[in-house]
Structure formats: structure tokens, C-alpha cells
Amino acid sequence: MEHFDEYMFTGPPPPLGPMVQVQSLATNLPAGCGAAESYWSLIATGGEAQTEVSPDRWDPSVYYAPDEGAASRGQTSTKHAAFLQASELWDLDAGFYGLREKEAKLMVPEQRLVLRTGYQALADVGLGESLKGSRISTYVGDCANESATYCPALDECRQNGTLSAATASRISHLFGLRGGACSFDTACSSSLVALGHAHSQLRLAPVFQDAQSRQSSGALVIGVRVLFGPEGFVGLGAAGFLSLHGRCFTFDSSAQGFGRGEGCCSVFLARDDPEDGEDLELHLASVSGSSVNQDGRSASLTAPHGPSQQSCIRSSLRMANVSPDKVAVAECHGTGTSLGDPIEVGALRGVMYDRRQPLLMTSSKSNVGHAESAAGLNGLAKCVLMLMTSASAPNVHLRSLNPNLDTNGFPCLYESECVDADQNSQNIGVSSFGFGGTNARADLWGHCVRFYIFRRIPDFKNFKNMYRARMDNLQADSATADRMVEEANYAFFLNTRIFQELDSLAGFEAEPVPPPASAPAASHAEAAARAAAAGCPFASLAAQGLAMPDDHPGLADTEKVDKELAKAPEQEDNKAGWRLASAAAVIALSAGIRAMWT
């Protein structure tokens, strides 16, 4: 049972080539999704996280106006978004992370969220005291830090506590990580671009890596976004990007813009090394391919470009060694804009139209809003959870399909309820397209892990060892049971043949011929020889029965038959001897079987 999992896949097997393993997943998203399990509960049941803005962010009575001319007056026409609770933004145990109280107070919420979720992702892998000095890289997707404007003081701590460039360095400094630390700002695709960079570094063969990358033991990738003030709402509303209802009506005919969201998501990636002895079930999923490109000279800086999106998707699939028809689910960028959704669906159609099974189309933005710099990892986290559960989460607010979507000749499904994958392994792709034209794509493979109930890998390993030991015992017991069944079947076969022979002998009677006075008593061997000479079909069995040791339970019955044989004269046809020899074999074999099974 060493590698029993590889024989249990009912879907596609792992892609060929190097892969990077997702070993942990931590989330801090709205609607109480402080853990990956809570996040899955929200999206699988079709829930949404949008709420009305609270006064601790900005005053809606001042900045909100429900008419289309609000932007001209410096106001926004939406007051709903997916917000975190105030305690989730500001609570931080400074002593636990080795921070001074003054320094902790001047840290913006983005850095607080990154610290908490980053530590949780590392702890779930089992990394504790061993973190210090380890070659773990940190990549953070963060953009447009709104919180810096509202920092309460200006002193030596302000720069380190507010700059997004210091967010990744903050984790490396506090945990003593010696790998690279980078922040990525490509707007909506920031976190998936960060993941693509980490994936590219980890999947390269050692001969193609630089000295530092060869020593890297993993990468922590984080996406974070906080909606602190009204400026972003006012600016995006003036550009016509926001939905008046504050929600993403992805793929729906009523789509008119996106709803904003915030939160933080982190994953820990490790290189797939076949020699390290790690088991497949310890990995939540595998990143098989990734790609990042740019629109270049397109219609405008912010307009999506279909051919560039197609190129990005093809490049990722090529790296993953996965044909487009093997992708089961597409986690789309899906902002719910009138231009973005049709172009993205057209790009997917151009790559994946030649397929038998329909492609499931979904987007996490209909649940938790468009988290901008964190949106890519929110989608990737959803992909990991869909792989672990072998299910596809529904799109919320989907009532009637957008007529502008090019679905002619494209086998795809826009699901409005949770769909079972009907197989325990899948390929899933996630896309994220930036405001300035930077596109990112990642393809994942994974298998169902329905017993993922532990938050930490060490506990999971203990459970796995216990589970595997029980499976080994079950396999041993199964082999024993199979052997016993075979023996029982053979005994039943012999017993049936015995009764058949007895039935065939029931109509015969020995001729009452008196034996000669000089006839010697027949021995066991002689009886068997006589039976063989007479053509008895049980001659070999009779020989085995007559060759039993002296203390065998069937010997007494055999001796009785020998005495009867000694009384019978030898005749030419020897019919009586044949019958009695057969009877001797039957009696001896019956006694032997009784002794064996009692």
C-alpha cells in the first residue's frame, strides 16, 4: 500500500514534468472567512460577503449619492462592498511577533493581515523555530495602499509601517527568512503575478537556477487589499468601473461593473522533489503551470486584450503539459463588467473550444467581490478547495446569461449551483488580468482530500500514518481471507464430488463370493494398486488416504475396508474390487476432510 493513491484516480493523472506543491492555505476574508474551511462554506453554498459601508471607514452620508452624477460632485454611487471587521484589521499581538508597541501601532492594516495569514500558512506546514535562517522567499501582491493616508502620526516608524514595499520585508525580518522578499503591484493581477514568479523560481531544474534559488526551500505568496477610505470608490465610480449595487454580476445580463472587496490570502509553495519521500496526500494541490504577459499596444491602457489573454492561457497550459480539453474548470477573472466578461469568455473559447466535456465557468468575485491585488490568490484558493472537494462552486447573482458572451460552438456551463465533479482528480485554471494590461494565469492539478480535517501538516502526517497502517492491515487480512475462501471453495468442490460418487455407487452391490482360505489380507498399497489397475478414478486419492499415518482419524475406517477386501476373490473383471476400492477412497477422503475442518 505504499503508493495506493496513484491507483485511485478516476480523473486525469498528475501532469508530466516538474510541479510545485501547495502545502498550506490561509485566508482572512470577509463574512467570517478566517480559515479556508469557512471560505469554502461560503462559496459552496452560494453566499456573498457584501455589506454596507460602516462609519469607521467613511461616512456614507457625506460621500454617497444614489444618482449617476455623484462622481461630478466627488461622491460615489455605491456604498456596498465586502468588508472585514474592524477587529480583523487592527488586532495584533505585538509581543507574539516581537514588535515594539509603538511600531505595531503605526503598522497599516495590510501589514497586520500579512503577518497573521503568513504566519498561519507557515505554521500549518509545521515550520516553527526552524524558520530562522531558512531560505524561504516571500512574495506579496499589494497595490494602492490607501491606509497610509490615515496613519495617525509621522515619525521614524511611519515609513516602515505604511510603505507597501516594506510589507514583504516585514515578514522576512520578523521570521528571519533569508530568501528573496518582493512586493508586486500590477493592480488586479498582483498576487497571481507574485505566485507566477514564485512558481517559475521553484520549478526550474537546479542546473538552471542561481545559487540562491537552488537553496530555496519554499516560497510564501500573499495577496492583500484593504479598502480604507472613500477615494477609491469615488475614483473608480467616476471611471464607470463600479456596480451601483456594489456586487459582481459575473456572466449575468445585468452586469454593469464590479463590486469591491478586501482581505488577505496566503499559500506556501514547495518544490516537488521525488527523492524527499513526501506523500502525495500531504499536498493540497499542485501548480503545474503559470504564465505572465502584457497586452502591449492595445485599444487603451485599461481595455482588456483577447489575443494576449489567449497567449497567456496557452503558455501556462504548455508549461503544465496539459491539453486544453483536459481542463475541467475555469476560475475566471470575471469582474462583471460589460467589456471584460465577453472578452475573457472569447479568449477561453479560442483556446478550449475543441472538447467533449463542457468547461465549467465560475468566479469567486461574485462571492467576495473584486479584491484587486488579492483577487488572484482568492481565485487560486477557491481552485485548491474545489480540487480538494471534487466540486465546483456556483456563481452568485446569475439569473440570465449575458447575451454578449460568445458561447456558440463552445461547450461550457455557467453554473448557478454547486456541481459535483464526478471524478476525484482534475485540472483547473485560474486567470487574473491587471488594470494596466498585465495578465497572469496558473494551472493546478489536484485530487480529492475529503479527510482534510487538520490545520497542521504534522497532525496530518500522524493521521496519514495511522490511516496507512490500517490500510496495510486491511490488505493483509484481505489476502488471508482470499486464501481461506479458496480453500473453502476447494473443499466444497471435493465434498460435492464425493457425494456424486457415492450416488453413482448406490446402485451397485458386491457379489457374495466366499473368499479362498489362502487369500492374504490386502495392504494399503496393494489396495491402491488394485484400484488403479481397475481404472478407479479415485485411485490417487485412495493412495493418499491409505498412506495416512497410523494415528490419522480416517485410518480405522480404511482398515475396515481392507478387511472386506481381503475376503473378496480376484476375478477377471474385478468389479467388486473396483467398487470397494472406490468406497475406500471415499471413506478415507471424507475422514481426512472432517479432520482438516474440525
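Of all positions in the range 97-112, none carries a residue that is under 34 Å from the mean Cα position of the chain (by Cα), outside any helix (DSSP H, G or I) and buried (at least 20 other Cβ atoms within 10 Å of the Cβ).
This table checks each residue for (1) closer than 18 Å to Gln309 by Cβ; (2) in contact (Cβ under 8 Å) with a residue 12 or more places away in the chain; (3) not in a helix (DSSP H, G or I).
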site	(1), (2), (3)
Val345	yes, yes, no
Arg356	no, yes, yes
Ala375	yes, yes, no
Cys383	yes, yes, no
His397	no, yes, yes
Leu405	yes, yes, yes
Gln423	no, yes, yes
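Inspect the range 15-34 for any residue being over 20 Å from Ser366 (Cβ atoms), out of contact with any helix residue (DSSP H, G or I) (no Cβ under 9 Å at 6 or more places or on another chain) and not assigned by TED's automatic domain parsing to the domain that holds Ala239 and give the result as yes or no. Within the range 15-34, one or more residues are over 20 Å from Ser366 (Cβ atoms), out of contact with any helix residue (DSSP H, G or I) (no Cβ under 9 Å at 6 or more places or on another chain) and not assigned by TED's automatic domain parsing to the domain that holds Ala239. Candidates Leu177, Leu192: the one that is in the same structural domain as Glu372 (by TED's automatic domain parsing) and in a loop (DSSP other than H, G, I, E, B) is Leu177. Is it the case, given these coordinates, that Ser137 is surrounded by fewer than 16 Cβ atoms within 10 Å (Cβ to Cβ), small (Gly, Ala, Ser), outside any loop (DSSP other than H, G, I, E, B) and modelled with pLDDT of 90 or more? In short, no.
Scanning the range 243-264 for residues that are at pLDDT below 95 and in contact with a helix residue (DSSP H, G or I) (Cβ under 8 Å, 6 or more places away or on another chain) yields a count of 1. I need a count of the residues in the range 223-268 that are more than 28 Å from Leu284 (Cα to Cα) and in a strand (DSSP E or B). Going through the range 223-268 one residue at a time, the tally reaches 4.
Given the condition under 25 Å from the mean Cα position of the chain (by Cα), in the same structural domain as Ser38 (by TED's automatic domain parsing) and either on the phi > 0 side of the Ramachandran plot or not in a helix (DSSP H, G or I) (or both), answer yes or no: does some residue in the range 302-319 qualify?
For the range 302-319, residues under 25 Å from the mean Cα position of the chain (by Cα), in the same structural domain as Ser38 (by TED's automatic domain parsing) and either on the phi > 0 side of the Ramachandran plot or not in a helix (DSSP H, G or I) (or both): absent.
Of the numbered criteria (1) at pLDDT below 95; (2) under 29 Å from the mean Cα position of the chain (by Cα); (3) of a type in the set (Gly, Ala, Ser), the one Ser189 fails is (1).
The values are calculated or read from the model by the stated rules, or taken from the named source; none is laboratory data. Just so it is clear, the structure is predicted and the values come from calculations on it, not from any experiment. Cβ coordinates were reconstructed from backbone atoms using ideal geometry, including for glycine residues, and neighbour counts include every protein chain displayed.
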